[in-house]
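Below: one structure, written as structure tokens.
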Amino acid sequence: MIDVRVLRSDPELARQAQRRRGESPDLVDEILDRDEKRRTAITAFERLRAEQRTLGKQVARAQGDEKAELLVRTKELSTLVKEAEVAQTEAEQAFQAALKRLPNIAAPEAPAGGEDDYTVIEHVGAPRDFAAEGFEPLDHVELGKRLGAIDIERGAKVSGARFYYLTGVGADLELALVNMAMDQARGAGFTTMITPALVKPPAMDGTGFLGQAAADVYRLPAEDFYLVGTSEVPLAAYHADEILEPDTLPRRYVAFSPCYRKEAGSYGKDTRGIWRVHWFDKVEMFTYTTLEQSYAEHEKMLGWEKQWLSKLELAYRVIDTAAGDLGLSAARKFDCEVWIPTRGGYGELTSTSNCTDFQSRRLNIRGRFPDGVKPLATLNGTLVAVPRAVVAILENHQQADGSVRVPTALQPYLQGRTSLEPVQ
């Protein structure tokens, strides 16, 4: 949620951010109009309440006809106060509803435009040249079958499209990736967490996932729960309605959790295999810090993700995501996209977002500082989304004989195995 004082003092900043996202700037003017009506309603209510209190004191002192007249006015005023209170409540609700629709103000550095308007910051490593090695790479679906690692057919039988089983070395590979990711984050000072996969509406709404991303969210209406699409949600809500002391910042958490997404806007996209699925496991980093320190923390998050990809020995590029592809909460987002041989291109494997104080305002998370109590900044960053990491490892490290080489850093987490072999 944006600080309304920013909109009042510099509305053009928000209008420009909306244009860079490809959204209408009219929302900014709608919010300011509702803000003015809200403030007018508050003033009217407070004026009537003050008159009501004054009149109450006069009635207590009055006698005879004067008291009778004052009691008539008291009754009239009581009706007016109730009406003004209703008007104030409605004006406040209309204002809050409009304000919640406004995305975070995109950082000036974020490129303008939509999904395809990103800027490539750097390339790390070179895609493997299979032609020079004399064989055609198999995709992860075929490799998964040969290794006994992925069972998509039974996943579809049991749960439907975009579900799967990881079996044998596939399941071992997930556990290895998760444990290595948690070890890296723990070594960087993160507190390890296992978070709820079901959350109440305020947690989902507070992190911004009931806005633009609502179509991808699974809801259990009978119990009024949501299934999280990322552990960012329970991690962000962990300190909701709390005031944190500055000497405890930054607070860094890393969580392992299942994630659930409808993928509502991806009909016909990435339908083969396990790249885009309805359920997957993920390891997510999350930081609470000050707004001033959030920009340096964002670079650190990116650095940890690059360190992780280097351990997996993958060629990748880093992109600066365009404003229109940031989602509701992020002011700036970096994606690390890994080369996938059979796609003939790059695909997002990790990402990190600086949400500045947008989520903390919605969730009422603040810090106590010498100059007052202020909202904190929140940041998130994925270390490993398991299915995509499995795809990247299988396809990039496959050998001509059908085996898959295990990256050196991952070997201790796979019982010392140096390769994954086809099942006999």
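Restricting to strands (runs of 3 or more DSSP E) lying wholly in segment 113-221: which have 2 or more residues that are modelled with pLDDT under 95, touching a helix residue (DSSP H, G or I) at 6+ places or on another chain (Cβ under 7 Å) and within 21 Å of GLY402 (Cα to Cα)?
none
Let's see how each residue does on (1) closer than 23 Å to PHE209 by Cβ; (2) out of contact with any helix residue (DSSP H, G or I) (no Cβ under 6 Å at 6 or more places or on another chain); (3) modelled with pLDDT under 95; (4) buried (at least 17 other Cβ atoms within 10 Å of the Cβ):
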{"position": "ASP241", "(1), (2), (3), (4)": "yes, yes, no, no"}
{"position": "ALA255", "(1), (2), (3), (4)": "yes, no, no, yes"}
{"position": "HIS278", "(1), (2), (3), (4)": "yes, yes, no, yes"}
{"position": "THR289", "(1), (2), (3), (4)": "yes, no, no, yes"}
{"position": "GLU297", "(1), (2), (3), (4)": "yes, yes, no, yes"}
{"position": "TRP304", "(1), (2), (3), (4)": "no, yes, no, yes"}
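Does segment 362-392 hold any residues that are over 30 Å from GLU348 (Cα atoms), touching a residue at least 24 places away in the same chain (Cβ under 8 Å) and outside any strand (DSSP E or B), and which are they?
Matches in segment 362-392: ASN364 only.
Does SER310 fit the bill of being small (Gly, Ala, Ser) and closer than 30 Å to PRO412 by Cβ?
Numbers: small (Gly, Ala, Ser): yes; closer than 30 Å to PRO412 by Cβ: yes.
So SER310 passes the test.
Out of the helices (runs of 4 or more DSSP H) lying entirely within segment 1-64, which hold 2 or more residues that are within 24 Å of THR89 (Cα to Cα) and of a type outside the set (A, V, I, L, M, F, W, C)?
Filter on segment 1-64 gives 4-9, 26-61.
Tally up the residues in segment 336-358 that are out of contact with any Ser or Thr (no Cβ under 6 Å at 6 or more places or on another chain) and of a type in the set (Phe, Trp, Tyr), please.
Total satisfying the criteria: 2.
For segment 51-75, which positions are acidic (Asp, Glu) and surrounded by 11 or more Cβ atoms within 10 Å (Cβ to Cβ)?
Here is the first cut: in segment 51-75, the residues acidic (Asp, Glu) are 51, 65-66, 69.
Hits for segment 51-75 are GLU51, GLU66, GLU69.
Out of the residues in segment 1-21 that are exposed (fewer than 15 other Cβ atoms within 10 Å of the Cβ) and free of Cβ contacts under 8 Å to residues at least 60 places away in the same chain, state the one that is nearest to THR207 (Cα to Cα).
ARG5
Step by step: first the residues of segment 328-361, then only those that are of a type in the set (Lys, Arg) and within 27 Å of SER310 (Cβ to Cβ), then the one that is surrounded by the most Cβ atoms within 10 Å (Cβ to Cβ). Which residue is that?
LYS333
Within segment 222-242, track down each residue that is more than 20 Å from GLU263 (Cβ to Cβ) and either part of a loop (DSSP other than H, G, I, E, B) or not assigned by TED's automatic domain parsing to the domain that holds CYS355 (or both).
ALA222, GLU223, ASP224, TYR238, HIS239, ALA240, ASP241
What number of residues within segment 92-142 satisfy the criterion of being over 30 Å from LEU326 (Cα atoms) and hydrophobic (A, V, I, L, M, F, W, C)?
Of the residues in segment 92-142, 6 are over 30 Å from LEU326 (Cα atoms) and hydrophobic (A, V, I, L, M, F, W, C).
Working only within segment 147-168, note down all residues that are under 29 Å from the mean Cα position of the chain (by Cα) and among the polar types (S, T, N, Q).
SER159
Which fully enclosed strands (runs of 3 or more DSSP E) of segment 267-355 have 2 or more residues being of a type in the set (Asp, Glu) and under 16 Å from the mean Cα position of the chain (by Cα)?
Where strands (runs of 3 or more DSSP E) fall fully within segment 267-355 and carry at least 2 residues being of a type in the set (Asp, Glu) and under 16 Å from the mean Cα position of the chain (by Cα), they are 279-289.
When the residues of segment 161-177 are narrowed to those that are more than 16 Å from CYS259 (Cα to Cα) and without any contact (Cβ under 8 Å) to a residue 40 or more places away in the chain, which ends up surrounded by the most Cβ atoms within 10 Å (Cβ to Cβ)?
Restricting to residues being more than 16 Å from CYS259 (Cα to Cα) and without any contact (Cβ under 8 Å) to a residue 40 or more places away in the chain, the top hit is THR167.
Taking segment 350-373 as the region of interest, how many residues are over 27 Å from PRO258 (Cβ atoms) and touching a Leu at 6+ places or on another chain (Cβ under 8 Å)?
5
Among what's in segment 142-160 and is of a type in the set (A, V, I, L, M) and buried (at least 18 other Cβ atoms within 10 Å of the Cβ), pick the residue that is farthest from GLN415 (Cα to Cα).
ILE152
Can you confirm whether SER310 is polar (S, T, N, Q), under 30 Å from PHE369 (Cβ atoms) and at pLDDT 95 or above?
No.
The values are calculated or read from the model by the stated rules, or taken from the named source; none is laboratory data. Every value quoted in this text rests on a predicted model; they were computed, and no experiment measured them. Using ideal geometry, Cβ is built from the backbone for each residue, glycine included, and neighbour counts are taken over all protein chains shown.
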